[in-house]
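So the structure is just underneath, and the comments pick up after that.
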Amino acid sequence: MPSVTYTSPNIQIEGPILEVHFSISSELEKKYIEESKQIPVPIVVKSLIDTGASSCTIREDIPKKLGLEPIGKIKINTPSTKDHECFQYVMRMFMPLQGLTYEGVFTAVSLEGQDIEALIGRDLLQQGIFIYIGYMNQFTFSLM
Amino acid sequence: MVNKNTLSEELKIYEENKAKLIKEANGKFVLIKGKEIVNIFDTQMDAIKVGIDKFGNDPFLVKKIEEVDQKQNFTSNLIICPQ
């Protein structure tokens, strides 16, 4: 089970942040190869593991930069809004050095402040293990 | 390029056929492209795979068939929704 452990003196302020790569899905990549289309270069983003998010989100401009079209539209609730409509995209998130890969649906939202470009939500955590050891300024994340 | 009308036609088709879909396949996932209900699948990823295979990187709708749409909830104030 691939896993990653980070220690950061600022973990209480910044939260559990991972630097991850985002690319088009493997299914679409296969299609692009068959059609001799150019495959977009993966985009590296800062992602926050957020147990308060029921699903994974991505900043709206990332799927646009990858040239992706949506596969769904849902309503979300946040502390300040109710039933806000957002598009969904299928994407591949990976950490090449650690061998962590997740392919799934990401909801496109506006993410402001703290330089965060994605939230890793409970739909992804459902497939892994997340351990936060506050007194050691450390967290571990594993994915099946 | 995506705009506010993207997937509107597919969502309209879903709403028009919702009662029938719930009766026949409650809890499953429907794939809709334009005015066509392509098929029904057990999992979301199965529907997406067929959608990509058939339509490539064109918008298509994969939606869970359910009486009341389950909303996604976020407690973080990082998400900004324009009013």
Please work out which residue is modelled with the lowest pLDDT, limiting yourself to segment B:48-83 and to residues that are at the interface with another protein chain (Cβ under 7 Å from one of its Cβ atoms) and part of a strand (DSSP E or B). B:Ile80
Which residues, counting only those in segment A:75-119, are at the interface with chain B (Cβ under 7 Å from one of its Cβ atoms), under 21 Å from B:Thr43 (Cβ atoms) and in contact with a Leu (Cβ under 6 Å, 6 or more places away or on another chain)? none
From the list B:Lys18, B:Lys33, which one is farther than 24 Å from A:Ile120 by Cα, within 11 Å of another protein chain (Cβ to nearest Cβ) and surrounded by 14 or more Cβ atoms within 10 Å (Cβ to Cβ)? B:Lys33
Counting only residues that are more than 11 Å from the chain's Cα centre (by Cα), crowded, with 17+ Cβ neighbours inside 10 Å and not in a loop (DSSP other than H, G, I, E, B), how many does segment A:36-76 have? 7
Please go through (1) surrounded by 13 or more Cβ atoms within 10 Å (Cβ to Cβ); (2) in contact with a helix residue (DSSP H, G or I) (Cβ under 8 Å, 6 or more places away or on another chain) for B:Glu67 and return the number of the only condition it doesn't satisfy. (1)
Just to verify a result, which residue in segment A:79-126, among those that are touching a residue at least 60 places away in the same chain (Cβ under 8 Å) and part of a loop (DSSP other than H, G, I, E, B), is nearest to A:Leu68 (Cα to Cα)? A:Glu117
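The values are calculated or read from the model by the stated rules, or taken from the named source; none is laboratory data. A quick note: this is a predicted structure, and the numbers were derived from the prediction, not measured. Methodologically, a virtual Cβ is constructed for each residue, glycine included, from the backbone with ideal geometry; neighbour enumeration extends over all protein chains shown.
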